[in-house]
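The values are calculated or read from the model by the stated rules, or taken from the named source; none is laboratory data. The structure displayed is predicted, hence computed values, not measured ones. Cβ atoms come from the backbone with ideal geometry, glycine included; neighbour counts cover every protein chain shown. Surface accessibility is based on the protein's heavy atoms, side chains included, excluding ligands, DNA and RNA. Shrake-Rupley method; radii C 1.70, N 1.55, O 1.52, S 1.80 Å.
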Amino acid sequence: MFFALEEYSLFVQILLVFNIAMSAIFSIGYSYQVIYLLAPFVLKKREMPAAAPRIYNYAVLIPARNESQVIEQLIASIHRQTYPKENITIFVAADNCSDDTAAIAKNAGARVWERFNKKQVGKGYALDFLFGKIFESYAQSDFDGFFVFDADNLLDENYIAEMNKTFNRGHKIITSYRNSKNYAENWLSAGYALWFLRESKFMNNARMLLGTSCAISGTGFLVSADIVLKNNGWPFFTLTEDIEFSVHNAIAGNRIMYCKAAIFYDEQPVTFRQSWDQRLRWAKGFYQVFGKYGAVLIKTMIKKRSFCAFDMFMTIWPAATFTAVTMLFNLAVIAFSFALGFDASAIGGLFASAVITLYILLFTIASITVATEWKRIHCQAFLKIAYLFAFPVFMLTYIPIAMAALFRRVEWKPIAHNAVKTLEEVRRGI
């Protein structure tokens, strides 16, 4: 045996120091989110005195690729808004479609432009294309703000009216409450839905209550025309254009607001293959944004003493990757120890304890979210409880995904949407 017991003991001590250091980094970096968890329970938003809100003109932008099954339901939910219909114009970018998305959207009442570009693929390019077409066809003053939705979304009847109230208070970028069309379908759709509910309630809502900036999460947001014009359209083309937009505004000092009364629903993947592809793209996109903006965020933190910049830095910091490296290092040491005939039970016990602790933490976060959002989760009570136990497993699958994203070339892939539901069916949990 080429390792003496003393040398092995030193090796184990180094491993323990490494684990303690990683735990300290995570604890210090993310401890502020405990405040986010508590804020909705102890703080209340002070609303401005009620007044008749000004009616603004809004454009609704929908980038869509082969969304013929669901886009008509979204457009119908926009037509059913309580907000004045004459102040809403719907635009669709039929992006590299091989089905009849364009025809269906046009027949449903949207203005449609078709885009075919196999080199510049992704939502960011489709949005920039759509903004370009709008500014070619309309005066810059025709629209005060632009909503962005995915084709699988459905809107609560009061969605635009509620967002308009927040827009009237002078906020230039506003995100909203993200719910799910298919929470009960399986453990994957429930995992996604729980994460987005938690993001709405205990991230963006908490940020709003504490007076800092929120973050855009893919869809369901409003941007003022002057922000779009200042950016000369939508120059955000990473695989996660939403978080890139959020980081860009954190650096620029533009506060993103949250409107909890504006509720929309979107469809979550239900197969692991689709979930893997989607989250692989997200993981790669976060790496792209971290590489592009990480240093700038640090400078903004220091120069402007910006908590928002720190928050966005921690949002894009590759936590799953560091978790994966830590776990793999520990597993390698355990395997190495057994191969050399040393007793690795102590290390194995610590590793198992860490995994169990992480599971309990994730389970607790999910439980608090379900408890507070119980009435907004549209499925049977049994499933609300049962999927709590699967949520930590769903989150832990991010670890191999994050590692794969490090080494693989990732391209944007469409996610099939098949949940053809009305708003009433979603609310009944059908």
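Only residues that are open to solvent by 30 Å² or more (accessible area, probe 1.4 Å) and over 25 Å from LYS421 (Cα atoms): list them for the range 85-128, please.
GLU86, TRP113, GLU114, PHE116, ASN117, LYS118, LYS119, GLN120, VAL121, TYR125, ASP128
Just checking, how many residues over the range 380-430 are small (Gly, Ala, Ser), in contact with a Phe, Trp or Tyr (Cβ under 9 Å, 6 or more places away or on another chain) and touching a residue at least 40 places away in the same chain (Cβ under 8 Å)?
5
Name every residue in the range 287-309 that is in contact (Cβ under 8 Å) with a residue 60 or more places away in the chain and hydrophobic (A, V, I, L, M, F, W, C), in order of residue number.
Once the filter is applied, which keeps residues that are in contact (Cβ under 8 Å) with a residue 60 or more places away in the chain and hydrophobic (A, V, I, L, M, F, W, C), the range 287-309 yields PHE307, CYS308.
Can you name the residue in the range 112-134 that is part of a loop (DSSP other than H, G, I, E, B) and without any contact (Cβ under 8 Å) to a residue 60 or more places away in the chain and, of all such residues, is farthest from SER98 (Cα to Cα)?
Step by step, filter the range 112-134, then rank; the result is LYS119.
Residues in the range 74-88: is at least one outside any helix (DSSP H, G or I), of a type in the set (A, V, I, L, M), at pLDDT 95 or above and out of contact with any His (no Cβ under 7 Å at 6 or more places or on another chain)?
Yes; the residues of the range 74-88 include at least one that is outside any helix (DSSP H, G or I), of a type in the set (A, V, I, L, M), at pLDDT 95 or above and out of contact with any His (no Cβ under 7 Å at 6 or more places or on another chain).
Can we say THR82 is touching a residue at least 24 places away in the same chain (Cβ under 8 Å) and open to solvent by less than 10 Å² (accessible area, probe 1.4 Å)?
No; evaluated as a whole, the condition is false for this residue.
Under 6 Å between Cβ atoms, at least 6 apart or on separate chains: pull out the pairs that start in the range 259-275 with a residue that is farther than 23 Å from ALA76 by Cα and touching a residue at least 12 places away in the same chain (Cβ under 8 Å) and end on any residue that is hydrophobic (A, V, I, L, M, F, W, C) and open to solvent by 20 Å² or more (accessible area, probe 1.4 Å).
GLN274/ILE415
Pick from GLY218, GLY291: which is open to solvent by 10 Å² or more (accessible area, probe 1.4 Å), under 21 Å from LEU188 (Cα atoms) and either part of a loop (DSSP other than H, G, I, E, B) or out of contact with any His (no Cβ under 8 Å at 6 or more places or on another chain) (or both)?
Just a single option satisfies the conditions, and that option is GLY218.
Only one of ALA102, ALA108, ALA139, ALA184 is free of Cβ contacts under 8 Å to residues at least 40 places away in the same chain and closer than 28 Å to ALA261 by Cα; which?
From the options ALA102, ALA108, ALA139, ALA184, the qualifying one is ALA108.
Just one of GLY233, GLY220 is among the small types (Gly, Ala, Ser), in contact with a helix residue (DSSP H, G or I) (Cβ under 8 Å, 6 or more places away or on another chain) and more than 22 Å from ARG409 (Cα to Cα); which is it?
Matching residue, one of GLY233, GLY220: GLY233.
Mind listing whichever residues of the range 152-188 are within 20 Å of PHE245 (Cβ to Cβ), of a type in the set (Gly, Ala, Ser) and either touching a helix residue (DSSP H, G or I) at 6+ places or on another chain (Cβ under 6 Å) or modelled with pLDDT of 95 or more (or both)?
If the condition is that a residue be within 20 Å of PHE245 (Cβ to Cβ), of a type in the set (Gly, Ala, Ser) and either touching a helix residue (DSSP H, G or I) at 6+ places or on another chain (Cβ under 6 Å) or modelled with pLDDT of 95 or more (or both), then SER176 is the only one that fits.
Within the bounds of the range 251-265, is there any residue that is within 16 Å of MET403 (Cα to Cα), among the hydrophobic types (A, V, I, L, M, F, W, C) and out of contact with any strand residue (DSSP E or B) (no Cβ under 8 Å at 6 or more places or on another chain)?
Checked against the condition, which is being within 16 Å of MET403 (Cα to Cα), among the hydrophobic types (A, V, I, L, M, F, W, C) and out of contact with any strand residue (DSSP E or B) (no Cβ under 8 Å at 6 or more places or on another chain), the range 251-265 yields no hits at all.
Scan the range 344-380 for residues that are open to solvent by less than 30 Å² (accessible area, probe 1.4 Å) and among the aliphatic types (A, V, I, L, M) and jot them down.
Matches in the range 344-380: ALA344, ILE347, LEU362, ALA366, VAL370, ILE377.
Quick one: PHE236 ticks every box in (1) in contact (Cβ under 8 Å) with a residue 60 or more places away in the chain; (2) open to solvent by 10 Å² or more (accessible area, probe 1.4 Å); (3) assigned to a loop (DSSP other than H, G, I, E, B) except a single one, so which number is it?
Among (1) in contact (Cβ under 8 Å) with a residue 60 or more places away in the chain; (2) open to solvent by 10 Å² or more (accessible area, probe 1.4 Å); (3) assigned to a loop (DSSP other than H, G, I, E, B), the lone unmet condition for PHE236 is (2).
Here's the yes/no breakdown for (1) part of a helix (DSSP H, G or I); (2) of a type in the set (Lys, Arg):
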| position | (1), (2) |
| --- | --- |
| LYS384 | yes, yes |
| TYR387 | yes, no |
| PHE394 | yes, no |
| ALA402 | yes, no |
| LEU406 | yes, no |
| VAL410 | no, no |
| ALA419 | no, no |
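How many residues does the range 146-200 hold that are part of a helix (DSSP H, G or I), under 17 Å from the mean Cα position of the chain (by Cα) and among the β-branched types (Val, Ile, Thr)?
The number of residues fulfilling the criteria is 0.
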